[in-house]
1. Filter the stretch 87-110 down to the residues that are acidic (Asp, Glu) and outside any loop (DSSP other than H, G, I, E, B), then identify the one that is surrounded by the most Cβ atoms within 10 Å (Cβ to Cβ).
2. If only one of 67, 52 is open to solvent by less than 60 Å² (accessible area, probe 1.4 Å), without any contact (Cβ under 8 Å) to a residue 24 or more places away in the chain and touching a Leu at 6+ places or on another chain (Cβ under 8 Å), which one is it?
3. How about the stretch 181-192: which of its residues are outside any helix (DSSP H, G or I) and open to solvent by less than 20 Å² (accessible area, probe 1.4 Å)?
4. Quick check on my filter: what residues within the stretch 116-142 are part of a helix (DSSP H, G or I) and among the hydroxyl-bearing types (Ser, Thr, Tyr)?
5. From the list 149, 189, 201, exactly one residue is under 21 Å from residue 115 (Cβ atoms) and of a type in the set (A, V, I, L, M, F, W, C). Which is it?
6. Hey, does the stretch 119-130 have a residue that's touching a Ser or Thr at 6+ places or on another chain (Cβ under 6 Å) and either surrounded by 16 or more Cβ atoms within 10 Å (Cβ to Cβ) or within 27 Å of residue 77 (Cα to Cα) (or both)?
Amino acid sequence: MQYRCEAASLEGFIQQLAVNYLPHGYWFCVAGEVPVGKDPAAVDRKLIERYGIGLSRWARARRKRGGAANLHYLRWERSFVLIATHGHHHFFEDERRKVFDVRRSPIRVGGYAVSFRQGRSHVRIDDERYRELKAYFLDRATHRSATAVAVADELRALPFEPYAPVRRQLFIILRAVNRARRTAGFEPVPWTALRLRRRIVRPFGEQ
């Protein structure tokens, strides 16, 4: 069976990392971008072959028992990650200057920051993007043209899947927006403006 590595969407990329890879000990990461002018599919093949990634689950289990690291490769558009478990593998020597531990530093892609904390995946809006969103909505909050319905529609349309840390960030923005609106004498934006249920997607599209 061909190894599937190209995520059909950003949501699928993040879900595959957070649900299927990080909780299983894939904590050592190299993140990169396929250079403009290079064929992403050719880069996929090169990295999968170089690091022996396209293994069956049984082969992975044997490698784990023997103390070897296992790797996965995942790409969305031109963004990719190589992620590995504990163990010996030439990946760690080849990529030693680029490898980081997702328990200490997040994977940043598409406005998300994905890490592994206290035994679970942690998906949030990246700090820079979060500050941009908060500043935008605070500015928008007191425009006379910005009715509660209009602001609610914009919040609901945000493209971030509501993992628990994302929900907390959005609630903080909404509370700040409503403080500003109340001070200005405007109607508050209802809590129903926030999408609280995450959509489950097929990471690699139709299967």
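1. Start the filter on the stretch 87-110 by keeping residues that are acidic (Asp, Glu), which leaves 93-95, 101.
Still in the running and outside any loop (DSSP other than H, G, I, E, B): 93-94, 101.
Details: 93: 9, 94: 14, 101: 11.
Ranking the qualifying residues of the stretch 87-110, first place goes to 94.
2. Among 67, 52, only 52 is open to solvent by less than 60 Å² (accessible area, probe 1.4 Å), without any contact (Cβ under 8 Å) to a residue 24 or more places away in the chain and touching a Leu at 6+ places or on another chain (Cβ under 8 Å).
3. Here is the first cut: in the stretch 181-192, the ones outside any helix (DSSP H, G or I) are 184-190.
Residue satisfying the conditions is 189 alone.
4. 130, 136, listed by residue number.
5. Result of the check over 149, 189, 201: 201.
6. yes
Residues checked against (1) modelled with pLDDT under 95; (2) assigned to a helix (DSSP H, G or I); (3) of a type outside the set (S, T, N, Q):
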| site | (1), (2), (3) |
| --- | --- |
| 2 | yes, no, no |
| 15 | no, yes, no |
| 19 | no, yes, yes |
| 22 | no, yes, yes |
| 26 | no, no, yes |
| 32 | no, no, yes |
| 41 | no, yes, yes |
| 55 | yes, no, yes |
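Conditions tested, residue by residue: (1) buried (at least 18 other Cβ atoms within 10 Å of the Cβ); (2) within 24 Å of residue 108 (Cβ to Cβ).
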{"position": "163", "(1), (2)": "yes, yes"}
{"position": "172", "(1), (2)": "no, yes"}
{"position": "179", "(1), (2)": "no, no"}
{"position": "194", "(1), (2)": "yes, yes"}
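The values are calculated or read from the model by the stated rules, or taken from the named source; none is laboratory data. Computed from a predicted structure; not experimentally measured. Because the Cβ atoms are built from the backbone with ideal geometry, glycine has one as well, and the counts that use them run over all protein chains shown. Just the protein is used for accessible areas: all its heavy atoms, side chains included, with ligands, DNA and RNA removed. Shrake-Rupley method; radii C 1.70, N 1.55, O 1.52, S 1.80 Å.
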